[in-house]
Amino acid sequence: MNRREALKNMLAFIPLGAAFTGITAIGFRFITPKKRDLTRRIFTMHLEELPLNSSRKITDLRGKDLVLVRTGEFEVKAMSTVCTHLGCTVYWEKEQQEFYCPCHQGRFDKDGNVISGPPPAPLETYHTEIEGDNIFIYFKEKEG
C-alpha cells in the first residue's frame, strides 16, 4: 500500500469517528457517560476507640485526611482537616471544643462552622452514623 492509499483509508474512517465523538459544525464534543454521585458507607472504627471529647485523624479512600470527633455519647462528627482559608491543617482542641488552624488563627466550632479568623467557609463535613458499636462515614464520589 502506498502513501496515497493509506491516506484514503484513514480519511474513510473520519465520518465514523465523528459519529462516535460527536463532532459538530462548531467543533468537537466528546460523548461521555453521565457522571453521577455515589454514596459509599465506610466502617471507620469502634465507638470505644474514640472516647468522649476526643479526636482521631484518619485517611479517607481518596487519601485525604479527616478528623473524627466524639462530641456526645452517640454523636461523632467527621470533617476535613483542611482549613478553608489557605489549606493549612486544622486540629481539634479538646479544652475549647473547637477546631483551630495555627497558620492564621482560624477557629471552627464542633460542626465545622467558622467562629473567627480569616477562613471564608466552614470545614467540609461528612455524614456519620453509629450503628451498634460501629462508626460509619458516608463519602460522596463521582462515578464514571
Next on the checklist: Of all residues being in contact with an Asp or Glu (Cβ under 8 Å, 6 or more places away or on another chain) and touching a residue at least 40 places away in the same chain (Cβ under 8 Å) in the stretch 108-125, which is nearest to Leu50 (Cα to Cα)? Just the residue, please.
Outcome noted: Lys110
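Here's the yes/no breakdown for (1) modelled with pLDDT of 90 or more; (2) not small (Gly, Ala, Ser):
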| site | (1), (2) |
| --- | --- |
| Leu61 | no, yes |
| Leu66 | yes, yes |
| Glu75 | yes, yes |
| Thr81 | yes, yes |
| Phe108 | yes, yes |
| Gly112 | yes, no |
| Pro119 | yes, yes |
| Thr125 | yes, yes |
| Gly132 | yes, no |
Item to check | Among (1) modelled with pLDDT under 90; (2) in a loop (DSSP other than H, G, I, E, B) - the single one Ile42 does not satisfy | outcome: (2)
Next on the checklist: Restricting to the stretch 51-63, count the residues that are surrounded by fewer than 12 Cβ atoms within 10 Å (Cβ to Cβ) and in a strand (DSSP E or B).
Outcome noted: 1
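The values are calculated or read from the model by the stated rules, or taken from the named source; none is laboratory data. Keep in mind that what you see is a predicted model, and the values were worked out from it rather than measured. With ideal geometry, Cβ positions are generated from the backbone for all residues, glycine too; neighbour counts draw on all protein chains shown.
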